[in-house]
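The structure appears right after this line, and notes come after that.
The values are calculated or read from the model by the stated rules, or taken from the named source; none is laboratory data. This structure is a prediction, so every number in the text was calculated from the model and none was measured. Note that each Cβ is placed from the backbone with ideal geometry, even for glycine, and that neighbours are counted across all protein chains shown. The area values use the complete protein model at the heavy-atom level, side chains included, leaving out ligands, DNA and RNA. Shrake-Rupley method; radii C 1.70, N 1.55, O 1.52, S 1.80 Å.
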Amino acid sequence: MDTKTHFSRTTIALHWLVAASIIGLIALGIYMVETESWHLYDIHKSIGLLTFVAILARLAWRWRNGLPQPVRPMSRLEHVTAVAAHVVLLILTVVLPLSGMLYSGASGHGFGIFGWEIFPSHHSGDQAVPLSAQWSDIGQAMHGYLGYLLLTLIVLHAAAALKHHVIDQDATLKRMLGRASD
């Protein structure tokens, strides 16, 4: 279990696995859209679905352990902001892949994990046949906007961790790196 001064190996591993995966998927997603690299979509969707499993495990683990407790006393505003940021980050990590599944499924492209079909595609010849153009458009817009929002919050989250380490000189970052002392 997590304590005020120490995170479990499970907490640390799930945090960094999900963080690295999401950052990589966002970077890949931006690259795919900017360069029209359609051949990478199956890789993006496969890794995204595997990451979604880790996200659900992290969410269940966080539910069991609760949100992280501050390592030092802080102002009410700082505490409320930290809690809100953690909650929004958790919510976005769940909703972003769901919006991607909505987009891919409703557009007729389906999705799966490296060839294992989870939601079937619908094609007529070489063209995907949307199940719902409206839901596909909603999923696509949500996936794009939420991806940029999540990326922004990740940058702010990392900046806050560095602020704790450099300015406050507390053990917040050390705890997430598994280097905090009890």
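Points worth noting:
- Output for region 42-101, where each listed residue is of a type in the set (Phe, Trp, Tyr) and either on the phi > 0 side of the Ramachandran plot or crowded, with 16+ Cβ neighbours inside 10 Å (or both): Phe52, Trp61
- Of the residues making up region 16-41, those that are over 19 Å from Leu146 (Cα atoms) and either under 17 Å from the mean Cα position of the chain (by Cα) or crowded, with 16+ Cβ neighbours inside 10 Å (or both) are Trp16, Leu17.
- Scanning region 112-127 for residues that are out of contact with any Pro (no Cβ under 9 Å at 6 or more places or on another chain) and surrounded by 11 or more Cβ atoms within 10 Å (Cβ to Cβ), we see that the one that is nearest to His39 (Cα to Cα) is Phe114.
- Residues being in a loop (DSSP other than H, G, I, E, B) and open to solvent by 60 Å² or more (accessible area, probe 1.4 Å) - total across region 128-182: 9
Rundown of residues vs (1) in contact (Cβ under 8 Å) with a residue 12 or more places away in the chain; (2) in a loop (DSSP other than H, G, I, E, B); (3) within 14 Å of the chain's Cα centre (by Cα), yes/no style:
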{"site": "Thr11", "(1), (2), (3)": "yes, no, no"}
{"site": "His44", "(1), (2), (3)": "yes, no, yes"}
{"site": "Trp61", "(1), (2), (3)": "yes, no, no"}
{"site": "Val80", "(1), (2), (3)": "no, no, no"}
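- Of note, Gly108 does not satisfy the criterion of being open to solvent by less than 70 Å² (accessible area, probe 1.4 Å) and part of a strand (DSSP E or B).
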